[in-house]
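Working notes for the structure below.
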Amino acid sequence: MIKRSLAAHLAGLAATAAILAAAGPAAAQETPVAIGISGWTGFAPLTLAKEAGLFKKLGLDVSLKKIPQKDRHLAMASGDIQCAATTVETWVVWNANGVAATQIFQLDKSYGADGMVVKPSVAKIADLKGKTVAASAPGTAPYFTLAWMLKKNGLSVKDVKVVNLEPQAAANAMIAGNQDIDAAMTYEPYLGAVRAKPEAGKIIATTLDYPMVMDTVGCTPKFLKENPKAAKALADGYFAALDMIKADPKKSFEIMGADVKQSGEAFEKSQAYLRWQDKAANQKFFAGEHAQFSKEAADLLLEIGIIKQLPDLKALADTSFIK
């Protein structure tokens, strides 16, 4: 009897070991991918897809790394990350400066989520000539937004003094009443903090006035060549996150808000100033608008000296992952 019980016990252990052995390779088959992001509200569905297990269900082991936009291409070039989220014109800069990367899907379009904050004494953008503006470093979205808005008002970045501050620090400087700064470039959720304190300054222009901030996810050509299924899974995971936001907005906003230390209610207010782009919107965007904007952006980047030559604009995107 004891022998039979022992035999049964050993057989049970063997069966358990076999199950674990079988599960091991399956778990190992998850494709690891590191994505460089920031706390920008538009990137939040990537956080949701990770935290809600949507990427995992699609066979991905995703790590999201908070890296300032000015350093994200360096992380990509070093192999620390394989993919990144950033603005459309930033991919132009990276490719022009020797960091090859290909956009595979669109995340969002800003509808007032990016803006210029000015001191109460500044009546219009043209009044900034000779004044000091806080913005991220050249080659970043806030700097480009500044250049774009200035150009549309007859000025260039050479007509102002730019102090390099990241979006959160730039917003905080305005709220604190920093006397040395006349204007600042920032975005949600930090722009929302300025909205809440109008005495600190006024939002003189946003992407409602100048619709030119659009974000995409892109990866290195090496990663895309070696992991086409994983790239497709990244796009599908993002679209699944948008479905989850529609189906359970309260839970989704709480998860996304927690990542940037916001309540679900505060995050909901932040996301009202942008539009996440589903598969249909992606397909429409890459059918024409992407190429058109990339060309106009590249010309401006060349004009202000951010790039020295135009990259191959046709190689900036691969639409096969959003079909």
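What follows is calculated from the coordinates using simple rules that are stated; it is not laboratory data. Being a predicted model, the structure only gives us computed values, none of them experimental. Quick reminder, even Gly has a Cβ in these numbers, built from the backbone with ideal geometry, and neighbours come from all protein chains shown.
Numerical summary
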quantity: Stretch gain in nm, segment SER320-ASP71, where the contour uses 0.36 nm per residue and the Cα spacing is subtracted; calculated: 86.9 nm
quantity: Inter-probe distance in nm under a simple model that places probes 7 Å from Cα toward Cβ, at ALA247 and GLU289; calculated: 2.6
quantity: Rounded to the nearest 20 debye, dipole of the chain from Cβ charges on Lys, Arg, Asp, Glu; calculated: 440
quantity: Low-density loop cleavage sites - trypsin sites (Lys or Arg not before Pro) in region 120-219, where at most 15 other Cβ are within 10 Å (DSSP); calculated: LYS124, LYS129, LYS152
quantity: Amide proton proximity set for ASP61, modelled H, under 5 Å, gap of 5+; calculated: THR31, VAL33
quantity: Residues of region 255-293 with amide N under 14 Å of the 7 Å Cα→Cβ point at TYR111; calculated: 269-278, 281
quantity: Neighbour-count ranking [beta-carbon atoms within 10 angstrom, fewest first] of LEU146, LEU165, LEU300; calculated: LEU300, LEU165, LEU146
quantity: Fraction of antiparallel bridges per DSSP, region 114-206 only, in percent to nearest 5; calculated: 60
quantity: Neighbourhood charge, 11 Å Cβ-Cβ cut-off, centred on GLU265 and excluding it, Lys, Arg +1 and Asp, Glu -1; calculated: 0
quantity: Under 5 Å, built H, 5+ apart or other chain: amide partners of VAL162; calculated: VAL133
quantity: Estimated distance in nm for a label pair at LYS152 and ASP299, the labels positioned 7 Å out from Cα along Cα-to-Cβ; calculated: 1.6
quantity: Kirkwood Rh, angstrom, region 114-206 [1 / mean 1/r, Cα pairs]; calculated: 12.5
quantity: In order through region 292-308: 3J(HN,Hα) via Karplus (6.51 cos²θ - 1.76 cosθ + 1.60), integer Hz, x for Gly, Pro; calculated: 5, 5, 4, 5, 5, 5, 4, 4, 5, 4, 5, 5, 8, x, 6, 10, 9
quantity: Answer label for Cα extents along the principal axes in Å (calculated), chosen among [x] 94, 43, 33; [y] 55, 42, 37; [z] 67, 42, 37; calculated: [x]
quantity: Exposure proxy order (Cβ contacts within 10 Å, fewest to most) of VAL118, VAL260, VAL99; calculated: VAL99, VAL260, VAL118
quantity: Bridge type composition, the chain - antiparallel percent by DSSP, nearest 5; calculated: 60
quantity: Net charge dipole size for region 111-216 [Lys, Arg +1 and Asp, Glu -1 on Cβ; Debye, nearest 20]; calculated: 320
quantity: Summed residue charge, Cβ within 14 Å of LEU191's Cβ, Lys/Arg positive, Asp/Glu negative; calculated: 0
quantity: 16 Å reach of a label modelled at LYS222, 7 Å along Cα-to-Cβ, counting backbone N of region 54-83; calculated: 73-83
